[in-house]
Amino acid sequence: MSSMYGATGSGMGNRTPSGYKLGRVQNFTPEQMELFKSLFGQLKPGSYLSRLAQGEEGLFEEMEAHALGQFSELQGNLASRFSGMGTGARRSSGFQNTMNTAASDFAQNLQSQRQELQQQAIRDLLGMGTSLLSQRPYEQFLTPKRSSGSGLGGLFGGLGKILSLFM
């Protein structure tokens, strides 16, 4: 028999002493168990939260695609504004400084947001992991195995055998 905590019986994890059998009672309703399993899925390698915590470049690129599009529009608006100032304005140091400042600010903000998202994902993974691992979906217990020579049944069975010898 196997459980979420490892093999039971003679395998790794729990060992059942001889003369006892391992029993298990489920503490969760089927709906709670389904939720429990799905939340564990959020912690698996390859899950969204895990990829975010690892700082996976491809994931951030997907998330940042819209912001990059907006930044390109901003660059176009800046270029149009400087073009409206007359001939050569787009070749001026003012235009270059404005574009460099905008690009630098954008890159810094993006990096800062990446780090915040990654750190929050790590905190979320740790919190969820701790919370889920503290749950007890099952209670396990030991019960003595019944044998024919033990208890009152064994006593009366043995007494019956003795009486049958005298008759």
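The values are calculated or read from the model by the stated rules, or taken from the named source; none is laboratory data. Bear in mind that the values here come from a model prediction, so they are computed numbers and not experimental data. Counting neighbours? That spans all protein chains shown, and the Cβs are built from the backbone with ideal geometry, glycine included.
Yes or no: the stretch 1-12 includes at least one residue that is within 18 Å of the chain's Cα centre (by Cα), at pLDDT below 90, under 26 Å from GLY127 (Cα atoms) and not in a helix (DSSP H, G or I). Yes - at least one qualifying residue is present in the stretch 1-12. Of all the residues in the stretch 90-137, those that are outside any helix (DSSP H, G or I) and among the basic types (Lys, Arg) number 1.
For the stretch 37-58, the condition of being in contact with a Ser or Thr (Cβ under 7 Å, 6 or more places away or on another chain), assigned to a helix (DSSP H, G or I) and over 30 Å from LYS145 (Cβ atoms) holds for at least one residue. In the stretch 111-126 there is at least one residue that is within 30 Å of ARG15 (Cα to Cα), modelled with pLDDT of 85 or more and surrounded by 10 or more Cβ atoms within 10 Å (Cβ to Cβ).
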